[in-house]
Amino acid sequence: MLMLQRIYASRQNKGQIRKGLLLFHQLQKLGPGESITEFLLSAVLRSCGRIEEGKQAHCVTWKHGFLGDVILMTSLVNMYCKCTSIKEARLVYYEMPTRDVIATNCMIAGLCRCHFAMDAIQLFEEMPKRDVGSWNSLISGLAQNCESEKALFFFERMRLEGAKVDLITMVSVLSVCADLAALVNGKQVHGLVIKHGFELYLPIGNATVDMYAKSGYMDDACLCFDNMPCKNIVSWTSLIVGYGKHGLGLEAIKAFKQMEMAGIVPNKITFLGTLCACSHSGLVQEGWRNFNTMLHTYSITPMMEHYTCIVDLLARAGRLKEASEFIERMPIKPDAKLLTAFLSSCCSHRNAELTRSVGQRLLELEPEEAGTYILLSNFYGLAGDLEGVAKVRRLMSERGIRKVKACTWIEINRRVHAFESGDMSHPLSKEIYSYLADLFGKLKTNGYVPNTSMVVQNVDEHRKKDILLGHSEKLAIGLGLISTPPGTQIRIVKNLRVCVDCHVATQLISKIEGREIVARDSSRFHRFKDGSDSKIEEISAAAAGDDLDSDLLDEDARARRLTEDDKDKSLDVGPNGRPLFTSSTLISELTRKDACTYMNFSMEGLNVVLPEGLPMGMVKEFEESRRIALLVRQSFLDLRDNFRRIVDPPLWSSDGKGPKVRKQIVLDGPVSCGKSIALAMLVHWARDEGWLVFYVPKGREWTHGGFFYKNLQTDLWDTPVQAANILQDFLKFNEPRLQQLPCQIFDPIPLGEGAGVGWMKGVDSMGMPESSTLYDLIQTGLMYTHAAVGVVVRLRKELSLVKDIPVLIAIDQIHQPEEMSWPDSIWPRKVLNGSPEKMPKTGRDLEVAAAHSYDLEWQEKGMKDSGASLSGGKADHSWGRRSWDRRKGAAASVGKLRKDLPAVPEDARVNLPRYSLDEAAAVCHYYLRQRLIRREAFSEEKWKKIYYLSNGNGTEMRWLVPFIR
């Protein structure tokens, strides 16, 4: 019985909740009494995701007489709260014979989850004893219910009562300060974070970056981000979203590319943040590229929010027709938010036909949404269509539609003040309205005309002007003007979009009063200074850039022009009048004279020769340049010739003074210096020459991804899913040849854990028939995933015994620390480094791995901080693993395993250099040829500036060249 309960707990821990519940039903059938315990029922209640399941578990609890168990009853309360059945949760809570602090904390959290914030406060006040969990439950719950001011109040009270704060408290309060843009409070909380030693925790770092970004201090957000010891996808997404909210689209795109180079895989939310940034900055082309990258590079299915961003991106730029066509082509039906964004742009661009059709469609989809009526009414008012305004107002009246109340917040002297439209409740209301009346008299002399079309109420013109004067953002700005010294920056936050009239008025106020006013609305930040809004200037500049560089931004037009350019061979000119493209059609024909030229390929040919997949850098190069061509680098030719010398003995230097030949190479070097592309080209060359190549383009998924742990029984590293994928890829190009190559080792293959199916009972090894081929060996690993890892290990040994065929083993994307190390059971401890005279002409196997860079300068700085020591120029092994985990974001469990792995010899390491000045010249001339740069803007001075700015980084150069103006 105890064994069954352990199995249930194991399945619950592995996320197999449904299987666990089925097992519980089987357990009940075994008999009454001791088979059901309070511990088992507590685990079952945690698994219940539906109210029906929870009620059944409740009945079992009652049936077995466990209603007096406080822990079990607390689990019942928590279950009902999760299922939002607050009535049942209350009944269970108040029927408990004794209630401890944990049970009450659970009830407070449940009340907040079900939007009973006042009841939660009352229950909190009635508690005779509280712990830190009590405060956390209430503060986080109030924040979730948009009761941020109350959450801050209880945090202050928590400190005054001397209650201890913890990590959860700090994260919750930082989020509250971010929502309110309460910078002064946020800075104080940040100080408490440092005081209590929480600043190194990842959730705290993420919350701090988000707080400063939402408070309008993007520089401080960037500083906090840079100081984080480790970063995950949430960290990068917070930074990117922050840039987008501030209208810093180019910075958001740059951060996205830096995240990719750091090895962090973006998710849906990251792409959403980048698309929003492009939309707010008017970067239409960059937005499209980002959307296509999400679809084709990362195979992420777009959500409705992604489609909304693309529609908003096009519509804001005035491309209403393209936006409309995009909506019609969408694979899913548009929702109200998407249509509302489109309608807003249609109104802004005064397109009457689209406004009416989209508005009607939106009214049919969500007839109770007030925003649609407001947009339509404002549009008809701007167009002078009084009949249309009256019709919309009549519909609102008949359907009982009321506009959502606008609310604006401002923080002054650590106190947050809230205003609604027409608010008279503030103690300084008379002073605020009096000051604004005088101020608006000055505004009118400077050309301000109240936009009364924004008022939907059926009142006279004078009353409309009074209503405009009482808009919440104007009242908040008025309080800021009378409560702060001259020249002080004013920051406000609004729950809705800033209206057109308030936008114009705030611009003029910033000029007349000499104040910088930062306004955060539901969409983004506006920074008003000297009578202008940075948002408008940035979008206008981006739009002007679009007009200037329409050939660059319109991909269809660029494609047509490139097709025409292909007929003009005079354009194929590189630096100093040299040919830009080599005439060689085979990689084996390339010589030193071909260095710094481009070699043309075909996508069909590459897919045939490299069916395992192309490196991401190669794919992006093809997408950006719209041509299937690669730069021939001298470093690649040296790499190719190294292996050619091994296979072709006459190339060896007879006096022994020639280049050193390496059988095993680890390509190291800076990020984005072309390691993966060089390795793929090497594989291409080897297969052209008839080599048998074992190519793994995504070694990261194998070497430290998925199921990775050491099997103590077989002493192998179990990665069954990845091993099976690698075997499948190996067959794609080599299947006919493998069917002809016989196996030479017939020892039993050890079995490990299968892919998602556990261990094979009663069997620990599997034999191979003596007539088997290498193809049969691989099929065994694919058919029985228990043997997949063992087959990969065996395959490595079999390949070393292959005769008459050169063998190349090429593994890409191995992230390693300074001490490079590979799995013991897959890679040999002894590197094959026999002299060429003693090596046979057959049975040669070569190992190549492209490893990403490891920043030694950063490493030395980190060691000073951690107190570790350098020995012989190398870091202590354990410290090296820790620093690598933090820098690459790898799982800690994988990092700890590294101590058992053998190191790769130092002489195997080959540093692939950054792009040289000559190579950069060829790259920039190639991008000029492919219309990524305007010909009239191109000069030697400008492309050299690009080279030095990018520090010879290929990805950075490709990203920067379109900005040559």
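The values are calculated or read from the model by the stated rules, or taken from the named source; none is laboratory data. This structure is a prediction, so every number in the text was calculated from the model and none was measured. Cβ coordinates were reconstructed from backbone atoms using ideal geometry, including for glycine residues, and neighbour counts include every protein chain displayed. Areas reflect the complete protein model, heavy atoms only, side chains present, ligands, DNA and RNA absent. Shrake-Rupley method; radii C 1.70, N 1.55, O 1.52, S 1.80 Å.
Only one of the numbered conditions (1) open to solvent by 40 Å² or more (accessible area, probe 1.4 Å); (2) touching a helix residue (DSSP H, G or I) at 6+ places or on another chain (Cβ under 9 Å) is violated by residue 195, and that is (2). Consider the range 105-119 and keep the residues that are over 15 Å from residue 82 (Cα atoms) and either touching a Leu at 6+ places or on another chain (Cβ under 6 Å) or in contact (Cβ under 8 Å) with a residue 24 or more places away in the chain (or both). The one that is surrounded by the most Cβ atoms within 10 Å (Cβ to Cβ) is 117.
Based on this model, can you work out whether residue 395 counts as modelled with pLDDT under 75, open to solvent by 20 Å² or more (accessible area, probe 1.4 Å) and more than 45 Å from the chain's Cα centre (by Cα)? Taking the combined requirement at face value, the residue does not satisfy it. Among the conditions (1) open to solvent by 40 Å² or more (accessible area, probe 1.4 Å); (2) at pLDDT 90 or above, residue 577 misses just one, which is (2). Looking only at residues in the range 198-209 that are open to solvent by 20 Å² or more (accessible area, probe 1.4 Å) and among the hydrophobic types (A, V, I, L, M, F, W, C), the one that is farthest from the chain's Cα centre (by Cα) is 198.
Of all the listed residues (274, 270), the sole one being within 25 Å of residue 348 (Cβ to Cβ), within 12 Å of the chain's Cα centre (by Cα) and polar (S, T, N, Q) is 274.
Among residues of the range 121-138 that are over 13 Å from residue 161 (Cα atoms), those with a Cβ under 6 angstrom from a residue that is open to solvent by 60 Å² or more (accessible area, probe 1.4 Å), sequence gap 6+ or separate chain, pair up as 136/168.
In the range 159-189, the qualifying residues are those that are open to solvent by 10 Å² or more (accessible area, probe 1.4 Å), in a helix (DSSP H, G or I) and β-branched (Val, Ile, Thr), and the one that is nearest to residue 149 (Cα to Cα) is 184. Regarding residue 449, is this residue more than 24 Å from residue 495 (Cα to Cα) and not in a helix (DSSP H, G or I)? Criteria met by residue 449. For the range 583-608, a residue qualifies if it is open to solvent by 20 Å² or more (accessible area, probe 1.4 Å) and among the β-branched types (Val, Ile, Thr), and the qualifying residues are 585, 591, 608. All conditions in (1) open to solvent by 20 Å² or more (accessible area, probe 1.4 Å); (2) within 33 Å of the chain's Cα centre (by Cα); (3) at pLDDT below 90; (4) closer than 26 Å to residue 738 by Cβ hold for residue 647, with the sole exception of (2). For the range 210-244, the set of residues classified as farther than 29 Å from residue 490 by Cβ and surrounded by fewer than 21 Cβ atoms within 10 Å (Cβ to Cβ) consists of 228, 229, 230, 232, 233, 234, listed by residue number. Cβ-Cβ distances below 6 Å connect the following pairs, each with a first residue in the range 763-774 that is open to solvent by 60 Å² or more (accessible area, probe 1.4 Å), a second residue that is of a type in the set (Phe, Trp, Tyr), and a separation of six or more residues or different chains: 770/746. Residues that are touching a Cys at 6+ places or on another chain (Cβ under 6 Å), of a type outside the set (Lys, Arg), open to solvent by 60 Å² or more (accessible area, probe 1.4 Å) and within 23 Å of residue 153 (Cβ to Cβ) are absent from the range 427-443.
One residue alone among 144, 122 is polar (S, T, N, Q) and surrounded by fewer than 14 Cβ atoms within 10 Å (Cβ to Cβ), and that residue is 122. Scanning the range 812-827 turns up at least one residue that is surrounded by fewer than 20 Cβ atoms within 10 Å (Cβ to Cβ), touching a strand residue (DSSP E or B) at 6+ places or on another chain (Cβ under 7 Å), among the aliphatic types (A, V, I, L, M) and modelled with pLDDT under 65. Determine, yes or no, whether residue 506 is open to solvent by 30 Å² or more (accessible area, probe 1.4 Å) and modelled with pLDDT of 85 or more. Spelling it out, it is not the case that residue 506 is open to solvent by 30 Å² or more (accessible area, probe 1.4 Å) and modelled with pLDDT of 85 or more. Those helices (runs of 4 or more DSSP H) of the range 278-368 in which 3 or more residues are loosely packed, with under 15 Cβ neighbours inside 10 Å occupy 320-329, 352-365. Every condition in (1) out of contact with any Cys (no Cβ under 6 Å at 6 or more places or on another chain); (2) open to solvent by less than 10 Å² (accessible area, probe 1.4 Å) is met by residue 275 except one, and the failing one is (1).
The helices (runs of 4 or more DSSP H) falling completely within the range 36-117 that include 3 or more residues that are at pLDDT 85 or above and not small (Gly, Ala, Ser) map to 86-95, 101-113. Scanning the range 557-574 for residues being within 30 Å of residue 916 (Cα to Cα) and surrounded by fewer than 10 Cβ atoms within 10 Å (Cβ to Cβ) gives a total of 2. Residues in the range 478-503 that are in contact with an Asp or Glu (Cβ under 9 Å, 6 or more places away or on another chain) and surrounded by 20 or more Cβ atoms within 10 Å (Cβ to Cβ): 10 in all. Scanning the range 570-588 for residues that are in a helix (DSSP H, G or I) and under 19 Å from residue 936 (Cα atoms) yields 570, 571, 575, 576, 577.
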